[in-house]
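Student: Here you go, one structure.
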There are 2 protein chains.
Amino acid sequence: MAIVTIIGAGMIGSALVFPAGENGNQVRLVGTPFDRETVSACRATGRHPKFPRDFPADTHYYQAEEMDAAIPGSDLIIGGISSFGIDWFRDVVLPKIPDEIPVLLATKGLQDTPDGKLLTYLDILQQKLNSIGSRVSLNAMGGPCISHELVAGDHTVAAFCGKDLSVLRKMKAIMETDYYHVLLSLDTVGIETAVALKNAYALGIALTIGLNQRRFGPDSEPRFNSQATVFGQAIREISLLLDYQGGVTPENLSIGVSDLFVTVCAGRTRLAGILLGQGKTIDEVKKELNGLTLESLIIAVRVARVIRIAASKGLLRVEDFPLLMHVDAILSEGKPAELPWEEFSGQMM
Amino acid sequence: MAIVTIIGAGMIGSALVFPAGENGNQVRLVGTPFDRETVSACRATGRHPKFPRDFPADTHYYQAEEMDAAIPGSDLIIGGISSFGIDWFRDVVLPKIPDEIPVLLATKGLQDTPDGKLLTYLDILQQKLNSIGSRVSLNAMGGPCISHELVAGDHTVAAFCGKDLSVLRKMKAIMETDYYHVLLSLDTVGIETAVALKNAYALGIALTIGLNQRRFGPDSEPRFNSQATVFGQAIREISLLLDYQGGVTPENLSIGVSDLFVTVCAGRTRLAGILLGQGKTIDEVKKELNGLTLESLIIAVRVARVIRIAASKGLLRVEDFPLLMHVDAILSEGKPAELPWEEFSGQMM
């Protein structure tokens, strides 16, 4: 038995309680300052308000200000915060973690730099560790992980990536169950890049659904040629971005494709894409979705900036990324949803 | 205006009449010996029995034995036959085609050799051309192309691949419409390999749907973590097979992914996978589907043979292909559908 402390009581942090707890571990679920009501509800009922079943018995609940009691003795700390919370995790949580407890980050994203680099969240957290002289082992997870499906026990393979194979093996031993399978990778940049792009591209793919509803009628049967074509275009662009990041491998592609697939099939990014495709403006979509999804879409704006800078240096070509640039223009300039089909097919391979 | 002759009046051959005809060309639709009734019906009604709308006005219909009247004067001959018909196309049709008329093949598949090579259908047709001294230009198409969606005008990007760029450009000019977009590639082996594998892998992915119906109940909500994970595994294996064939590029992957996506989303291979996942035996599935789908699945058996031979030479590792080997074992040995999850996650990347 190990002690797994999960920071963040949102959907993904709370869902990870299930494999962690069902594997025989004690789980400490710690809310962020935004999770106050959720933690109170979990404590009172033994169940997350949005989940259909109780947490495993040996689960314990902590408010953000009780974190200092949750960390000591942990064998693993999982960062289950959203992109919004990454700065809080870096500045407030990381300094509390002793060197011997490894961290596993569930948050997916990239940040751009003024000179056209794409930093992973692990890069950014590592900078903080270096500045405070911490030797905590930083690791990240990728792969398909719809939270309520994880709660239901649907099979998934998560990729745990990090720099230390012995740490990765230890985390796999702690977390792996008969439905939550864990694959290990030493390529942190490759895995994090592959999965960070999913929200931007899933939005682009889901546009086809809304565009077809507008074209063929709101109740028309779903059509997949267009959706599949844009999915393929997404993989083409993701491959080029992985290459720019130094890591296009079958394994990274595999994890990126699976994470993208699941994001296209269900969830709020898909819904945002459908609404935009139906003809709603980005402001109307933001209003309809209460702004909750769209923080994940900032990745499109960041990557578009990097592509332009890299293109100015001759390292990438803007015309190789018509889908990403289209999604950026929708988000940044309110461009209409219609897809640039000629740009998908215009170039020789 | 050009004259486009399509050999094969099945679903895909007949669907391609629409972009060809709507682009202002005359189209000659020629049945195989199995298409006799369909051609008669088309001739009588101006419509394919399974399509919801009429063919373009300048479409003409030919029975197989009338082929000699259809070929002369054609600017392009499209092979729209199924895998079943490829030998007939090679032995009966190819010798009739004059050197100056290019051929564009819609049939997808690979054939294995005793020494562990995977030949594309273009390779096989080229052998025939060489043996009869013909200089016909052979080309192939890949990409998402559900026939009734093509008839409806849903957007798609087709990849036309061949060895002669001027021929490819001519075919694109003839076929491209505002919904049927054409991308060109000189990598015939890469494109044909990427799309040939789709039926084998789509079956493996669709297993998750049936397995979940068995596990969570026949009317349970669809869950995508498992489906996405197997989709990712498929892309990993396809990448390795493309590498074996000498052509893993972002473009080939893109076309392979899009063709796989569409095959997972709809059609008879998907249905076969679901039925197997529900617990039906391969013989029961064959009976239920009247054997019609399963010819496309022979690709799994062929590729599995090649992997074993290549592994014996140290060129591939059988354990890198757990999904393909599982599909082969279902088809060849009647193995149950349960997926080998540990094999998907057991190896280091």
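Student: Quick one: the Cα spread of the protein assembly as shown along its three principal axes, in angstroms, biggest first?
Tutor: Projected onto its principal axes, the Cα set of the protein assembly as shown covers 86, 55, 45 Å.
Student: Using modelled backbone amide H atoms (1.01 Å from N, in-plane), which distant-in-sequence or interchain residues come within less than 5 Å of residue A:113's amide H?
Tutor: Excluding prolines and chain starts, which carry no amide H, the hits are A:119.
Student: Please grab the % of Cα pairs in the stretch B:56-134 that end up more than 15 Å from each other.
Tutor: Details: 1880 of 3081 pairs.
Percent of Cα pairs beyond 15 Å in the stretch B:56-134: 61.
Student: Another question, if that's okay. Looking at the stretch A:63-198, what % of its DSSP beta bridges pair antiparallel, to the nearest 5? Walk me through the intermediate numbers first.
Tutor: Values: 7 of 19 bridges.
About 35 percent, rounded to the nearest 5.
Student: Which angle between 0 and 90 degrees, to the nearest 10, do you get for helix B:298-312 versus the longest principal axis of chain B when only C-alpha atoms count?
Tutor: The answer is roughly 60 degrees.
Student: Below 15 angstrom from the Cβ of residue B:28, what's the summed charge of the other residues (Lys, Arg +1; Asp, Glu -1)? List each step's numbers first, then the result.
Tutor: On the way: positive: B:43, B:96; negative: B:35, B:58, B:65, B:66, B:68, B:75.
Summing Lys/Arg as +1 and Asp/Glu as -1 gives -4.
Student: Sticking with this structure for a sec: Over chain A, what relative contact order in percent results from Cα pairs under 8 Å that are six or more residues apart? Numbers along the way, then the final one.
Tutor: Details: 650 pairs, mean separation 51.6, N = 349.
Computed over chain A, the figure is 15 percent.
Student: A follow-up question, please. Among bridges DSSP assigns within chain A, what percent are antiparallel (round to 5)?
Tutor: Numbers: 7 of 32 bridges.
Within chain A, antiparallel bridges account for around 20 percent of the total.
Student: What ratio of Cα Rg to 2.2 N^0.38 Å holds for chain A?
Tutor: 1.00
Student: Please report, in debye to the nearest 20, how large the charge dipole of the protein assembly as shown is about its Cα centre when each Lys and Arg carries +1 at its beta carbon and each Asp and Glu carries -1 there.
Tutor: Working: 64 positive and 80 negative charges, 29 e Å.
It works out to roughly 140 debye.
Student: Calculate how many DSSP beta bridges within the protein assembly as shown are antiparallel, expressed in % of all such bridges and rounded to the nearest 5.
Tutor: About 20 percent, rounded to the nearest 5.
Student: Further question on the same structure: For residue A:137, which sequence-distant residues (separation of 5 or more, or a different chain) have an amide H within less than 5 Å of its own amide H, given hydrogens modelled in the peptide plane?
Tutor: Under 5 Å from the amide H of residue A:137 lie the amide H atoms of A:103, each far enough along the sequence or on another chain.
Student: Still on this model: Once the other residues with Cβ under 12 Å from the Cβ of residue A:160 are scored (Lys, Arg +1; Asp, Glu -1), what is the net sum? Present the calculation step by step, with values, prior to reporting the outcome.
Tutor: Details: positive: A:163, A:169, A:170, A:172; negative: A:164, A:176, A:187, A:192.
Taking every Cβ under 12 Å from that of residue A:160, the sum is 0.
Student: Return a whole-number percent for the relative contact order of the stretch A:156-251, with Cα pairs under 8 Å and 6 or more residues apart as the contact set. Don't jump to the answer; show the numbers that get you there.
Tutor: Numbers: 82 pairs, mean separation 24.9, N = 96.
This gives 26 percent for the stretch A:156-251.
Student: Return the average number of partner chain Cβ atoms within 10 angstrom of each residue Cβ along peptide B:181-190.
Tutor: On the way: counts 7, 2, 9, 5, 2, 2, 1, 0, 0, 1.
Shielding by partners across B:181-190 averages 3.
Student: With a 1.4 Å probe, what is the total accessible area buried between chains A and B, in Å² rounded to the nearest 100?
Tutor: What A and B bury together is about 5000 Å².
Student: Would you please classify the overall shape of the stretch A:1-98 from the alpha carbon gyration tensor, given that a ≥ b ≥ c denote the square roots of the eigenvalues, rounded means a/c under 1.5, and beyond that prolate means a/b larger than b/c while oblate covers the rest?
Tutor: Working: a/c = 1.68, a/b = 1.20, b/c = 1.40.
Oblate is the answer for the stretch A:1-98, as a/c is 1.5 or above yet b/c matches or exceeds a/b.
Student: Starting from one equal scatterer on each C-alpha and no solvent at all, send me the Debye-based log10 I(q)/I(0) for the stretch B:101-249 at q = 0.10, 0.19 Å⁻¹, two decimals.
Tutor: Debye curve over Cα of the stretch B:101-249, log10 I(q)/I(0) at q = 0.10, 0.19 Å⁻¹: -0.46, -1.20.
Student: Now, a different point. Hey, what angle do you get for helix B:250-265 against the long axis of chain B, alpha-carbon based, 0 to 90 degrees rounded to 10?
Tutor: So the helix axis and the longest Cα principal axis differ by about 80 degrees.
Student: Express the relative contact order of the stretch B:114-205 as a whole percentage, based on alpha carbon pairs under 8 Å and six or more residues apart in sequence. Let's see the in-between values first.
Tutor: Numbers: 104 pairs, mean separation 24.7, N = 92.
Worked out over the stretch B:114-205, it gives 27 percent.
Student: Counting heavy atoms of the protein chains only and a 1.4 Å probe, report the per residue accessible area for the protein assembly as shown as a whole number of Å².
Tutor: Details: 25330 Å² over 698 residues.
Here the residues of the protein assembly as shown average 36 Å² of exposed surface.
Student: Going through the cross-link list B:128/B:163; A:198/A:313; B:108/B:128, which pairs have a Cα-Cα distance over 22 Å in this structure?
Tutor: Working: B:128/B:163 17 Å; A:198/A:313 26 Å; B:108/B:128 18 Å.
Check vs 22 Å cut-off fails for A:198/A:313.
Student: So if I take the centroid of the Cα atoms in the stretch B:98-134 and the same for the stretch A:54-107, what is the distance between those two points in Å?
Tutor: 59 Å
Student: To continue, here is another question. Given the whole protein assembly as supplied and a 1.4 Å probe, what does the accessible area of residue B:164 come to in Å², nearest 10?
Tutor: 60 Å²
Student: Now for a different question. Going by amide H atoms built from the backbone, whose H comes under 5 Å of the H on residue B:107, apart from near neighbours?
Tutor: B:81
Student: Between residue B:135 and residue B:318, how high is the FRET efficiency from 1/(1 + (r/R0)^6) when r is the Cβ-Cβ distance and R₀ = 45 Å? Nearest 0.05.
Tutor: Numbers: r = 41 Å, r/R0 = 0.91.
Step by step, r from the Cβ atoms, then E = 0.65.
Student: Something else now. If you fit an axis through the alpha-carbon atoms of helix A:121-132 and take the longest principal axis of the Cα set of chain A, what angle between them do you get, 0 to 90°, nearest 10?
Tutor: Tilt relative to chain A: about 50 degrees.
Student: Further question on the same structure: Between residue A:332 and residue A:43, 0.36 nm times their residue separation minus their Cα-Cα distance comes to what?
Tutor: Details: separation 289, 0.36 × 289 = 104.04 nm, distance 4.15 nm.
Full extension from residue A:332 to residue A:43 adds 99.9 nm.
Student: What's the local net charge at residue A:53, with K and R +1, D and E -1, over the other residues with C-beta under 14 Å away? Intermediate values should be presented prior to the final figure.
Tutor: Working: positive: A:47, A:50; negative: A:22, A:54, A:149, A:154.
Here the charged neighbours net out to -2.
The values are calculated or read from the model by the stated rules, or taken from the named source; none is laboratory data. Keep in mind that what you see is a predicted model, and the values were worked out from it rather than measured. When we count neighbours, we look across all protein chains shown, and the Cβ atoms used for this are built from the backbone with ideal geometry, even at glycine. Accessible surface is based on the protein model in full, side chains and every heavy atom, while ligands, DNA and RNA are left aside. Shrake-Rupley method; radii C 1.70, N 1.55, O 1.52, S 1.80 Å.
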